[in-house]
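See structure below.
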Amino acid sequence: MDLNSDEFFFGINKSLYFKTEEQKNEMKKMDPEYITKTGTDFVLLPNSPEFINHNEPFEPMYIPKQTILEESLRREIERICFADTLLNKVVFDCADPSPFNKDTDPNVYGLEVLPFYIPQTKEDTTLVFESRFESGNLRRAIQICDYEYNLILKPDYYTTMNTQWFYFSLSNTRKDVEYRFNIINMMKPDSLYNSGMKPLMYSEQGAKHKKIGWFRDGHEICYYQNNMKRKNGGYYYTLTFAVKFQYDFDCIYIAHCYPYTYTHLCRYLKQLESDPAKKNRVKRKQLCQTIAGNTCDFLIIGDFNNGKEKKGIVITSRVHPGETMASYVMEYMIDFLTGNTHEARILRENFIFKIVPMLNIDGVVNGNYRCNLAGVDLNRQWIDPNKKQHPTIYHTKQLVKKTKEERDLVLFCDIHGHSRKKNIFMYGCSGKDPNRKELVFPMLNRNNCSVFSFKDCCFLLQKDREGSARIALWREFSIINCYTLEMSFCGADFGKYEYFHFNLDIYKEIAQSFCLSIIDCYEPEQIKVKQVMEEIEQNSLKNQQKDDKNNSGDEGSDYSNDDPKEQAMPQQIQVQTNDQQLGSQTKKLKKIPLLPPKKKKGL
Ligand SMILES: [Zn+2]
């Protein structure tokens, strides 16, 4: 094959690294408000990757081998004991300058920006990593053996935490060789990667030749506590997996979940508002600007032509940037609500929907997992959001307030992903109402959605979550139906999709059944509501709610260092070692400059 073809060399997708004149002209025509800004020193490549639609069938979870933990720990110990023999070659860093091509003119390759590493011969099998695109997250790649790499993720900006979301590419692959990747600075004490979840991958060659979109791949997957101490106590965790690629010189993308960028959202919204059939059903409005200066929009959906009195519903998503599935579900909900079905018409005739599709745009752009550019979890700021530090939360709260003043605000829901539990479920708020009306809507969802698990729902008002949208808005605006919708990163543990990963088809089902449950909840006859109320009265379900305290999910903070469970994890490697023995990796990791918070006026 021609390694220096127009499109690719060594599998490196050239189009990421330069902008054509045509693209530059196109940019000039674009509304500058919607040109993505990072607000950080994270420099984006001239272009972002584009993917073909996902058309994969349901993909089974893997069954972990019984000995997988032992084997992974043995490999870890070997790496520690034989640290001196490892290559320890930094082959990618998203922020540091490359020592490999510092004197190379990018024009030699016809590019504007160079990859960190460029192989010089066909015999050089070093992988070429990249993450400097929107939502990308890979700080550093260290080659430790010919086909094994240690990977280090970027913490959320202005924090030292929250490493969980990964999204990067690698090129210059060799087919049928077993590669191994160890992401060594994960922070959550447990992961669905130990319960059958596989990472997502995308092959440029597979997409080109077989029209395959994102797919699950990898074997010998294991998530365990490693031997690197965190500064504030506790240890880091490693996600390790092996994978064989199908093509030589391919470019592979690897991600924690299907990527969904701000640019993707802007394109979708533009398409939505320019659809003549939907013009009278949806209005797009500006909510505010983010800290980085990105525009946050919201949608109003309803039948604006009939004067019938309408109830209000507010739906938000993507307050946590790494929970990308929330955006897919949101997009499918918008599609449904603005669509041509009889049910969609009923919904538009009876409700006004106010929708904020992306609450943490800056986090999404920068590849954060949880926080915004003020370095805080926005889903803890709903009690008293600061207009400058948490602008999207401040203005969404104003939107909720205004909706409440205008009409009967019957439902609020914030959409999330869950990294430790399976299934779809909701968190709600239980007050003093003996009828437990807050259980009704989740139960209707259970009836409509094949992967919704009522027994995973929780209606407690946990102290550490008082600043979440669910609890703060329930308290302040007395919205009985005030929820967090949670979706597993992995899949279901019951029903017809047990042992299968969730995919876009499932996200669509979740979105549609959510909308149908709104109809069931408010139709005048109340047939289905009466049925579930009877069920509640029979008391059979009251006791099914779990105390969620031991199950701190993604709505809750689960990075605590003083979590006794974390300290007692049996996976901790019991080998005498120290930082010297760990070799240069620990030291290098410590050397990663954590960017000090920039002094922003008014922050
Ligand atoms: Zn979340």
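The values are calculated or read from the model by the stated rules, or taken from the named source; none is laboratory data. Everything numeric in this text was worked out from a predicted model, so none of it was measured. Backbone-built Cβ (ideal geometry, glycine too); neighbour counts: all protein chains shown. Surface areas here come from the heavy atoms of the whole protein model, side chains and all, with no ligands, DNA or RNA. Shrake-Rupley method; radii C 1.70, N 1.55, O 1.52, S 1.80 Å.
Annotation: aspartates and glutamates with alpha-carbon distance below 17 angstrom to Lys387 (same-chain offsets under eight excluded): Asp297, Asp362, Asp377.
Accessible surface of Glu343, taken over heavy atoms with a 1.4 Å probe and every protein chain present, rounds to 70 Å². Choose one of Trp474, Cys288, Tyr507: the residue whose Cα lies farthest towards the positive end of the charge dipole of the stretch 262-552 (beta-carbon charges +1 Lys, Arg; -1 Asp, Glu; about the Cα centre). Final value for the positive-end residue is Cys288.
Using a probe of 1.4 angstrom and keeping all protein chains present, the accessible surface of the chain works out to 42 square angstrom per residue. The amide H of Met161, built 1.01 Å from its N in the peptide plane, has Asp156 as neighbours under 5 Å, considering only residues 5 or more places off or on other chains.
Centre-to-centre, using Cα atoms only, the stretch 308-337 and the stretch 6-43 are separated by 29 Å.
Sorted largest first by accessible area at a 1.4 angstrom probe radius, with every protein chain in place, the residues Arg370, Arg380 fall in the order Arg380, Arg370. Over the chain, Cα pairs under 8 Å with separation of 6+ residues give a relative contact order of 15 percent. Note on the stretch 231-299: lysine pairs with Cα distance below 15 Å, sequence gap of 8 or more or different chains, count 4.
Listed values for the stretch 108-120 are Karplus-derived 3J(HN,Hα) couplings in whole Hz (6.51 cos²θ - 1.76 cosθ + 1.60, θ = phi - 60°), namely 4, 9, x, 10, 8, 10, 9, x, 4, 10, 10, x, 9, and x replaces Gly and Pro. Nonpolar atom fraction for the chain, defined as the carbon and sulfur part of the 1.4 Å probe accessible area, stands at 50 percent. Size of the stretch 246-291 from its Cα atoms: along the principal axes, largest to smallest, the extents are 50, 33, 16 Å.
For Pro199, neighbours were defined as the other residues whose beta-carbon sits under 9 Å from its Cβ, and their charges (Lys and Arg +1, Asp and Glu -1) total +1. Per-peptide packing, taken as the mean over residues of other Cβ atoms within 10 Å, places 97-103, 491-497 in the sequence 491-497, 97-103 from highest down. Taking 7 Å steps out from each Cα toward its Cβ at Lys122 and His219 produces label points 2.9 nm apart. Lysine pair count for the stretch 1-122 (Cα-Cα distance under 27 Å; residues 8 or more apart in sequence or on different chains): 20.
With respect to the chain, whose longest principal axis is taken over its alpha-carbon atoms, helix 527-537 is tilted by about 80°. Per-residue Karplus couplings for the stretch 256-273, computed as 6.51 cos²θ - 1.76 cosθ + 1.60 with θ equal to phi - 60°, are listed in order as 6, 7, 3, x, 8, 9, 5, 4, 4, 4, 4, 5, 4, 5, 5, 5, 4, 6 Hz, Gly and Pro entered as x. Here the simple spin-label model places points 7 Å from the Cα toward Cβ, and for Lys19 and Lys89 these points are separated by 3.4 nm.
I need the shape label for the stretch 262-552. Rule: rounded when a/c is under 1.5, else prolate if a/b > b/c, else oblate, with a, b, c from the alpha carbon gyration tensor. Rounded shape, in that the Cα axes give a/c under 1.5.
If you look at the Cα atoms of the chain, you get an Rg and a Dmax of 24.4, 76 Å.
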